[in-house]
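Accompanying notes for the structure given below.
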């Protein structure tokens, strides 16, 4: 977002930076899920998709040389971010499905909490270095260095991923299974609504929450840079504060989820996410946003970890890739619309009222997730009572 603003992108392109990649994901995820399930070596497929996604970092570093007209750079930049989501969105569902097979359900909470914790620590170092470098160097040299460095690190990431041992029995057959055939026709999907009721209720509630979550994306950047005048260094400070609290929060959320369940704690985490846009309104100084970022880090850590774990938990194992694709496609559909809705509200009512509306939308989504958890508990209780008879 900062790079787009410095390139001179208008509000419409700032919103497009969130919505265009989501639109690309919307068009590729479900068809791509069928291909992922048919591919015989999923680890190789994930690595290849990651490579084609990360190569765009190298192209972004060359953007000032590839596009000599400064007026065209903002839209080309946003278009490149969108296009990198073609392999990127497929890599996400393939990776999620693959890791669902690699890591047993009993270990997922701790494993993904540790992974996210390490990612946050790396993010702290990257934010501190990147902010200082980009503020010290003439624009866009600092950003070019960071994009190129990101490409090099991404190649190391792929090399590390290829060391993961692929369990026996995870290789898909060349011909699609009955589950992968049926899950893509409407009649089977209707039957799936009844067989996997908890999944579909969760997906609907998650859709509501994501709508409010994504409304705030362009508003945060706009408020930080255009209202409070944050520099790249200050934006890095916000990222560091958020990452520090996330590092501390991930193992706590994992332990709470093991004790009280993923869905129950997800309702708590998303309620914290609902409060943050409202608190943004009262931040009139940059240091206040830095303090608020600590709270944001805690709630984001819980939301990201528990959403993912709940998705894996409720997706039917035989058709996990497709059901992950359904959920991710739905949330990408809201990501096409929600950022524009946030920007539109900002232009009509002012950014502070737009943030209040975002908080209300997130609260509705958090309440829906809590309701789904309660309905699931009642369904389990009824099933248990029926079995006792």
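The table below gives the values:
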item	result
Subset of the range 259-294 [under 11 Å from residue 306 (Cα atoms) and in contact (Cβ under 8 Å) with a residue 40 or more places away in the chain]	261, 262, 263, 264, 265, 266, 267, 270
Selection count where residues are over 26 Å from residue 24 (Cβ atoms) and either under 15 Å from the mean Cα position of the chain (by Cα) or not in a helix (DSSP H, G or I) (or both), scope the range 92-112	2
Candidates 25, 18, 89 - the one that is assigned to a helix (DSSP H, G or I), under 22 Å from residue 155 (Cβ atoms) and either at pLDDT 90 or above or out of contact with any strand residue (DSSP E or B) (no Cβ under 7 Å at 6 or more places or on another chain) (or both)	89
Single residue of the range 274-333 satisfying the filter (touching a helix residue (DSSP H, G or I) at 6+ places or on another chain (Cβ under 8 Å) and outside any helix (DSSP H, G or I)) that is surrounded by the fewest Cβ atoms within 10 Å (Cβ to Cβ)	282
Answer from 3, 58, 77, 51 - the residue that is surrounded by fewer than 16 Cβ atoms within 10 Å (Cβ to Cβ) and under 25 Å from residue 139 (Cα atoms)	58
Test: residue in the range 131-139 that is within 21 Å of the chain's Cα centre (by Cα) and under 21 Å from residue 2 (Cα atoms)	no
Condition check for residue 372: within 18 Å of the chain's Cα centre (by Cα), assigned to a helix (DSSP H, G or I) and either at pLDDT below 95 or buried (at least 23 other Cβ atoms within 10 Å of the Cβ) (or both)	no
Any hit, the range 304-317, residues being modelled with pLDDT of 90 or more and farther than 22 Å from residue 260 by Cβ	no
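Conditions tested, residue by residue: (1) surrounded by fewer than 21 Cβ atoms within 10 Å (Cβ to Cβ); (2) out of contact with any strand residue (DSSP E or B) (no Cβ under 7 Å at 6 or more places or on another chain); (3) modelled with pLDDT under 90.
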{"residue": "192", "(1), (2), (3)": "yes, yes, yes"}
{"residue": "205", "(1), (2), (3)": "no, yes, no"}
{"residue": "209", "(1), (2), (3)": "no, yes, no"}
{"residue": "213", "(1), (2), (3)": "no, yes, no"}
{"residue": "226", "(1), (2), (3)": "yes, yes, yes"}
{"residue": "233", "(1), (2), (3)": "yes, yes, yes"}
{"residue": "243", "(1), (2), (3)": "no, yes, yes"}
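The values are calculated or read from the model by the stated rules, or taken from the named source; none is laboratory data. As the structure is a computational prediction, the values presented were derived from the model and not from experiment. FYI the Cβ positions are ideal-geometry reconstructions off the backbone, even for glycines, and counts take in every protein chain you see.
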